[in-house]
Every structure is written in C-alpha cells, then in structure tokens.
Amino acid sequence: QVQLVESGGGLVQPGGSLRLSCAGSGFGFSSYYMSWYRQAPGKERELVASIGYAGITNYADSVKGRFTISRDNARNIVYLQMNSLKPEDTAVYYCKARSLVTEYWGQGTQVTVSS
C-alpha cells in the first residue's frame with residue numbers, strides 16, 4: 001500500500017520557520033522525483049520545490065533563498081525547510097512522488113503564517 005504522510009505544519013509568525021516532512025512507503029522512494037506543492041484558499045495548486053533522485057533541486061521564484069528541499073533516501077523522507085515565512089506562504093502543503101509511469105500524493109498539511 002502506497003503512502004505519503006506529511007507532517008510539521010502549523011501556525012507560525014511572519015519571519016518564523018517550519019520544517020515539513022513527508023514519509024513515503026510502499027514504493028521505490030529513492031528512484032522517485034519528489035516535490036512539494038501548495039494550495040492557498042481560492043487559488044490553484046502550485047509547485048513550490050522539487051528534488052530528483054540524484055539531489056538536483058528546483059524552486060519556485062517566490063520561495064528561492066527562503067525554502068530548502070532535501071531528501072533522505074535511507075529513511076524515505078523528503079523535507080521542506082521554510083525560513084523567513086510570509087503571510088502569503090499560508091496554504092495546504094502537499095507532497096508528491098513521481099516516476100515515469102505514475103504519481104502519488106499525500107493528504108496535505110496546513111501551514112498558517114500570521115501574527
């Protein structure tokens with residue numbers, strides 16, 4: 001059974017930090033392209049960051065320099081370190097695993113940036 005379970009979301013003040021985790025199971029994690037997406041109320045889901053199985057990363061312009069994606073293939077976990085958070089970062093954050101033939105999504109974790 002394939003599972004992607006996100007954790008680490010919550011309420012944080014502007015300028016604060018959070019680290020999201022996404023634990024995968026039931027598939028060959030190390031050979032999958034892993035991504036974080038987010039969806040704010042009333043907006044379309046957007047790509048935040050991605051990391052290939054060899055560690056090459058890609059970021060949305062809105063988070064460059066503030067967010068860092070990383071992966072631990074030994075533990076089947078992908079992380080999203082979020083620093084200098086802004087109110088506009090408020091959204092549900094989703095983890096996605098993608099191969100050439102399939103993709104899987106997690107259930108999402110809420111991140112709220114507010115004073």
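A few notes on this one:
- Of all positions in the range 2-18, at least one carries a residue that is open to solvent by less than 40 Å² (accessible area, probe 1.4 Å), at pLDDT 95 or above and at positive phi.
- Any hit, the range 38-54, residues being farther than 11 Å from Val111 by Cβ, in contact with a helix residue (DSSP H, G or I) (Cβ under 6 Å, 6 or more places away or on another chain) and among the aromatic types (Phe, Trp, Tyr): yes
- Any pair with Cβ under 8 angstrom, 6 or more apart, that starts in the range 98-114 at a residue that is on the phi > 0 side of the Ramachandran plot and ends at one that is part of a strand (DSSP E or B) and of a type in the set (A, V, I, L, M): Gly108/Val92
- Selected residue [at pLDDT 95 or above, of a type in the set (Gly, Ala, Ser), open to solvent by 30 Å² or more (accessible area, probe 1.4 Å) and under 14 Å from Gly8 (Cα atoms)] from Ala91, Ala23: Ala23
- In the range 13-62, of all residues being under 12 Å from Lys96 (Cβ atoms) and hydroxyl-bearing (Ser, Thr, Tyr), the one that is farthest from the chain's Cα centre (by Cα) corresponds to Tyr32.
The values are calculated or read from the model by the stated rules, or taken from the named source; none is laboratory data. Keep in mind the model is a prediction, meaning the values are calculated, not measured. Positions of Cβ are backbone-derived with ideal geometry, glycine not excepted, and every protein chain shown enters the neighbour counts. Accessible surface areas use protein heavy atoms only, side chains included; no ligands, DNA or RNA. Shrake-Rupley method; radii C 1.70, N 1.55, O 1.52, S 1.80 Å.
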